[in-house]
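Taken together, the values in this text are just the output of simple stated rules run on the coordinates, not laboratory data. No experiment lies behind these values; they were computed from the predicted model shown. No Cβ is skipped: glycine too gets one built from the backbone with ideal geometry, and neighbour counts run over all protein chains shown.
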Amino acid sequence: MIPSVLPTYNRAPLSFVKGEGSWLTEADGRRFLDLGAGIAVNVLGHAHPALVAALTAQAEQVWHVSNVYTIPQQQALADKLVAATFADTCFFTNSGTEACELAVKMARKHFYDAGKPERTTIIAFEGSFHGRSSAGIAAAGSEKMTKGFGPLLPGFIHLPFGDHEALTAAAARPDIAGILVEPVQGEGGIRPLPDQCLKGLRDLCDEHGILMMLDEVQCGMGRTGKLFAHEWAGVTPDIMMVAKGIGGGFPLGAVLASEAAASGMTAGTHGSTYGGNPLACAVGNAVMDIVSDDAFLAEVNRKAGLLRQKLEGLVASHPTVFEGVRGSGLMLGLKCKVTNTDVVKAGYGTGVLVIGAGDNVVRLLPALNLTDDDIAEAAVRLDKAAASLDAA
Ligand SMILES: *Cc1c(COP(=O)(O)O)cnc(C)c1O
């Protein structure tokens, strides 16, 4: 008999009833150090006082009004994002997947309106993840996500990650609208795109007059130690997808774009019932105020250094379990020699939550405000988990 919850997830038998900072309490009372943060969502941990205050204050005023009205909380958040980034304009969604949908529509409409309707194809990369909608799975292209769900949305081509020659050739095609890439692949196994590749990608887009589209759903919102990961390379995209961290746990996403890239998105061309509603944007504003602060980001970088050092030590202590550490800021991956899901399960046993990813990696995407004590405790609990997997 099919479970009453559609069984598309392999769920662990853990039910969390309370969260505080980087800690979660299970129904049976056990405490877990949460290094997954809802997969890079809870950027300020659980039950952050400023987010609770923003949410409850807004809840007592007005939860939802349609986008046919002006929403001051949405306007305020858009102004903040525009002030802090390359973008001239924002559209708010409820998820990363919806942001992907709009990014693709926006790119195609841009060229349609520019009198180049043949430019519809988007270049994407193997190992990428852009959500589970028809556009999202077509964009990522992996058989794991697309098999059985055809016919797929046309207009995507997939290149090997890091193959500059293939990219140079593809970008010259007359049907290309843009290049879509995660500056740090998340689901694909914490694979950062080197800064020079992002720069080269920007140059290719400029040379051919195509759009640079970044998916910062997982790597954005302070995760890598800059507000957005592309800032490390000193380049700016034309369109950027944001979600996960921006709501700190409340469903919220956004597409940020330059005025030129967004030029086709006039009244009536796109919409969302919930996207950018007062509750979501009240929380988004509170997240943005904290995470975009330079002192906060400096602390993210310091803590990232500390955590990475601990992970290097962990790898050195358990050479039969781990191969190495990779990633950027507080978006870290442990490449495993044992099966990654065994590491995740061993963590359940020692009270530490990490997340599996592609390429046999376990991901650490902790709250950006985890404490130095949390980092020390992470090392202890991960070491115990790894010890249970050491070759005899
Ligand atoms: C999670 C994720 C998405 C999809 O976001 P949802 O909120 O799950 O729809 C898209 N792109 C990347 C890079 C992601 O990590």
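How big is the Kirkwood radius of the chain, worked out from every pair of different alpha carbons and given in Å to one decimal? Each step should come with its number before you reach the end.
Working: mean 1/r = 0.0463 Å⁻¹.
Evaluated on the chain, it is 21.6 Å.
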>> If the only charges are +1 at each Lys and Arg Cβ and -1 at each Asp and Glu Cβ, what is the size of the charge dipole of the chain around the Cα centre, to the nearest 20 debye?
In response: 740 debye
> Measuring from a point 7 Å past the Cα of T320 along Cα-to-C-beta, which residues in the stretch 372-392 have an amide N at less than 18 Å?
Replying inline: 383-392
>> Which GluC sites (Glu not before Pro) in the stretch 44-134 sit in a loop by DSSP (not H, G, I, E or B) and have at most 14 other Cβ atoms within 10 Å of their own Cβ?
In response: E60, E118
> Hey, what do the phi angles of the stretch 359-370 turn into as Karplus ³J(HN,Hα) couplings, whole Hz, using 6.51/-1.76/1.60 and θ = phi - 60°, x for Gly and Pro?
Replying inline: 6, 6, 10, 9, 9, 10, 10, x, 3, 6, 9, 4
> If the cut-off is a Cα-Cα distance under 14 Å, which aspartates and glutamates reach K80, setting aside same-chain residues fewer than 8 apart in sequence?
Replying inline: D88, D289, D293
>> Applying a 10 Å radius around every beta-carbon, put 250-258, 197-205 in order of their mean neighbour count, most first.
In response: 250-258, 197-205
>> Through the Karplus equation 6.51 cos²θ - 1.76 cosθ + 1.60, θ set to phi - 60°, convert the phi angles of the stretch 145-152 into ³J(HN,Hα) values in whole Hz; use x for Gly and Pro.
In response: 9, 9, 4, x, 10, x, x, 7
>> Along the Cα→Cβ direction, 7 angstrom out, place labels at L153 and D383. What is the inter-label distance in nm?
In response: 4.7 nm
> What does a probe at D289 reach in the stretch 212-229, counting residues whose amide N is under 12 Å from the point 7 Å along Cα→Cβ?
Replying inline: none
> So, in nm, how far is label D88 from label E259 when the simple model puts each one 7 Å beyond its Cα toward the Cβ?
Replying inline: 0.4 nm
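For T70 and V17, compute 0.36 nm times the residue count separating them, minus their Cα-Cα distance, and round to one decimal in nm.
Working: separation 53, 0.36 × 53 = 19.08 nm, distance 3.64 nm.
Value of the extension gain: 15.4 nm.
Fewest first, what order do D373, D238 take by the number of other Cβ atoms within 10 Å?
Details: D373 9, D238 25.
Going from sparsest to densest Cβ surroundings: D373, D238.
Got the relative contact order for the stretch 50-291 handy, in percent, Cα pairs under 8 Å and 6 or more residues apart?
Values: 470 pairs, mean separation 75.5, N = 242.
Answer for the stretch 50-291 is 31 percent.
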> Near the amide H of G324, under 5 Å away, which other amide H atoms are found, from residues 5 or more places off or on another chain, if H is placed in the peptide plane?
Replying inline: K335
>> Give me, ordered by chain and number, the residues 5 or more places off H46 or on other chains with an amide H under 5 Å from its own placed amide H.
In response: E20, G21, S22, W23
> Taking a 32 Å limit on the Cα-Cα distance, which of the listed pairs K144/K199; K199/K303; K105/K303; K109/K244 fall beyond it?
Replying inline: K105/K303
>> Please compute the modelled spin-label separation between E165 and Q196, points set 7 Å along Cα→Cβ, answer in nm with one decimal.
In response: 1.7 nm
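Restricting to bridges with both residues inside the chain, how much of the DSSP beta-bridge set is antiparallel, in percent to the nearest 5? Kindly include the intermediate steps, with their values, before the conclusion.
On the way: 32 of 49 bridges.
Given both bridge residues lie in the chain, the antiparallel proportion sits at roughly 65 percent.
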> Farthest toward the dipole's positive end in the stretch 198-280, which of M212, A260, G248, given Cβ charges of +1 (Lys, Arg) and -1 (Asp, Glu) about the Cα centre?
Replying inline: G248
> Please identify the chymotrypsin sites (Phe, Trp or Tyr not before Pro) of the stretch 145-216 that satisfy two criteria: DSSP loop assignment and at most 13 other Cβ atoms within 10 Å. Which are they?
Replying inline: F149
>> Taking θ = phi - 60°, what integer Hz values does the Karplus form 6.51 cos²θ - 1.76 cosθ + 1.60 yield along the stretch 31-46, in sequence order, with x for Gly and Pro?
In response: 9, 10, 7, 8, 9, x, 6, x, 6, 6, 9, 7, 4, 10, x, 9
> What is the fewest-to-most order of L382, L152 by other Cβ atoms lying within 10 Å of their Cβ?
Replying inline: L152, L382
>> Full-extension gain between S4 and D342, please, as 0.36 nm times their residue separation minus the C-alpha to C-alpha distance.
In response: 118.9 nm
